[in-house]
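The values are calculated or read from the model by the stated rules, or taken from the named source; none is laboratory data. If you're wondering where the values come from, they're calculated on a predicted model, not measured in any experiment. Here Cβ is always computed from backbone atoms with ideal geometry, including for glycine, and neighbour counts include all displayed protein chains.
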Amino acid sequence: MTEATRERISREFDNLGPVACVTDIAAAMRRHNPELLDMAQRCAADLGAQHEPMVGLAMFYRLLVAEAPAELALPRVSPATRDAIVREIDDKGAERFTFEALDEMERANPELLQMAHGFASRQRSYLGMMQGFALIYATLSAQSAADRAGMH
Amino acid sequence: MESTAREALHALLPCSHGSIRLSADAGGTTLRGEVDWPYQKERAESALRALPALGQVRNLIAIRAPVDAAAVRERIRQDRRLKPGSVRAWAARRAAQP
């Protein structure tokens, strides 16, 4: 992902307004990635101010879609992958799971890390927001790996 | 007057206005905070300049410096001392789900 894409999406949210953007993105997630939408909504609700965290998670997803050749090119998270993520968190602990996801994000997609940090910095819970971004990223990565393995 | 200024900021930056602070004194209005992009700093200033009653506008908004994962980890560790996160609960499916 390029810096230009990140700025373009930021402008999109400031031009159209966060409510319109979140509505559109949530509708797309409901069609293409309902498990991921459920995770994002639970994260946002748990952080106490549902609207704001959801704006960040929707922007994060929008950035990933913006770089994909088509929205359907993003992995569709399955219930089995979601269960596997829970087991991974249980095995590693929440902190290690989060840090590993952030390390991978920095390595593979550093612009996403910048977006996540910038957004989380203006939230009440920096930790919670970053955990939400790490979870979405790690889940999509795990699904992508599972999809690749299934092709072979 | 400050609420008018905040409304103007919100109108031009409905998503990112939250990282901008306003303060007013006899000399005018000062913008502070950190944003990700120069356009956000410029729009914030434009929003206030459209309100002559605010007087002189000083734009001290900074552009956020890039971070690396190590800096993010450190900040997370500081936050974790206050409240552990709930990442596992968000990942888990509801019991009623098939």
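Please determine, by comparing only the residues of the stretch A:115-152 that are within 9 Å of another protein chain (Cβ to nearest Cβ) and among the hydroxyl-bearing types (Ser, Thr, Tyr), which one is surrounded by the most Cβ atoms within 10 Å (Cβ to Cβ).
Per the stated criteria, the residue is A:THR139.
Tell me, yes or no, whether the stretch A:60-75 has at least one residue that is in a loop (DSSP other than H, G, I, E, B) and surrounded by 20 or more Cβ atoms within 10 Å (Cβ to Cβ).
yes
If we scan the stretch A:39-49, do we find a residue that is in a helix (DSSP H, G or I), without any contact (Cβ under 8 Å) to a residue 60 or more places away in the chain, touching a Gly at 6+ places or on another chain (Cβ under 8 Å) and of a type outside the set (Val, Ile, Thr)?
no
What is the one condition in (1) surrounded by 15 or more Cβ atoms within 10 Å (Cβ to Cβ); (2) among the polar types (S, T, N, Q); (3) modelled with pLDDT of 90 or more that B:GLN56 does not satisfy?
Every condition holds for B:GLN56 apart from (1).
When residues of the stretch A:59-96 are filtered for being within 10 Å of chain B (Cβ to nearest Cβ), free of Cβ contacts under 8 Å to residues at least 24 places away in the same chain, more than 16 Å from A:ALA40 (Cα to Cα) and of a type outside the set (Asp, Glu), how many remain?
Count: 3.
Under 7 Å between Cβ atoms, at least 6 apart or on separate chains: pull out the pairs that start in the stretch A:105-131 with a residue that is more than 23 Å from A:ALA142 (Cβ to Cβ) and end on any residue that is among the hydrophobic types (A, V, I, L, M, F, W, C).
From residues that are more than 23 Å from A:ALA142 (Cβ to Cβ), the pairs are A:GLN123/A:MET129; A:ARG124/A:ALA49; A:SER125/A:LEU47; A:TYR126/A:ALA120.
Look through B:ARG6, B:ARG94, B:ARG64 and report the one residue that is surrounded by 13 or more Cβ atoms within 10 Å (Cβ to Cβ) and out of contact with any Asp or Glu (no Cβ under 7 Å at 6 or more places or on another chain). Even if it seems obvious, please write down each step before you answer.
On the way: B:ARG94 fails: surrounded by 13 or more Cβ atoms within 10 Å (Cβ to Cβ); B:ARG64 fails: out of contact with any Asp or Glu (no Cβ under 7 Å at 6 or more places or on another chain).
Step by step, each of B:ARG6, B:ARG94, B:ARG64 is checked, and only B:ARG6 is surrounded by 13 or more Cβ atoms within 10 Å (Cβ to Cβ) and out of contact with any Asp or Glu (no Cβ under 7 Å at 6 or more places or on another chain).
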